[in-house]
Amino acid sequence: MEKTEKEKEVIKTALKVLDQLKFQYGNSEEELEFMDAMYHDKEKMYDGKEWSYYTVDFFHNVFDIPKMYYCIVDAETMIMKGIGEDLGVQEVIYNKDGKATGTKFISPSFPYDKQ
């Protein structure tokens with residue numbers, strides 16, 4: 001199925017941030033074609049707030065075993081907020097120029113404001 005312009009924009013945003021973070025992801029033509037942006041409307045998120053967002057699934061090799069991760073892109077601001085994984089979310093940290101510089105792990109087991 002052909003991706004919409006919005007889906008292409010979301011995927012482009014996610015790839016840009018992953019590259020800034022030097023986060024390894026499968027970037028073969030097949031793996032890039034697999035990436036899809038899925039919209040989620042007003043759901044409670046890891047920060048305790050309710051917001052609309054897109055997810056973009058991708059593969060990250062852990063010990064040469066491809067594992068599924070997903071990027072979380074805020075639908076309103078089009079800023080990538082985090083990288084979802086099995087155990088929680090790696091929240092993206094940006095510098096004053098808006099460049100992704102690192103991540104902070106957010107566990108679903110503890111209140112967001114205490115991490």
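The values are calculated or read from the model by the stated rules, or taken from the named source; none is laboratory data. As the structure is a prediction and not an experimental result, all values here were calculated from the model. Cβ placement follows ideal geometry from the backbone for every residue including glycine, while neighbour counts extend to all protein chains displayed. Each accessible area value is taken on the protein alone, full model and side chains, heavy atoms only, with ligands, DNA and RNA left out. Shrake-Rupley method; radii C 1.70, N 1.55, O 1.52, S 1.80 Å.
Remark: pairs (first residue in the range 20-48, under 17 Å from Ile79 (Cα atoms); second residue modelled with pLDDT under 90 and part of a helix (DSSP H, G or I); Cβ separation under 7 Å; 6+ apart in sequence or on different chains) = Tyr46/Tyr112; Asp47/Tyr112.
Pairs meeting the criteria (first residue in the range 97-115 and within 18 Å of Ala14 (Cα to Cα), second residue open to solvent by 70 Å² or more (accessible area, probe 1.4 Å) and modelled with pLDDT of 95 or more, beta carbons under 7 Å, at least 6 apart or on different chains) are Ala100/Tyr94; Thr101/Ile93; Thr101/Tyr94; Gly102/Ile93; Thr103/Ile93; Lys104/Ile93.
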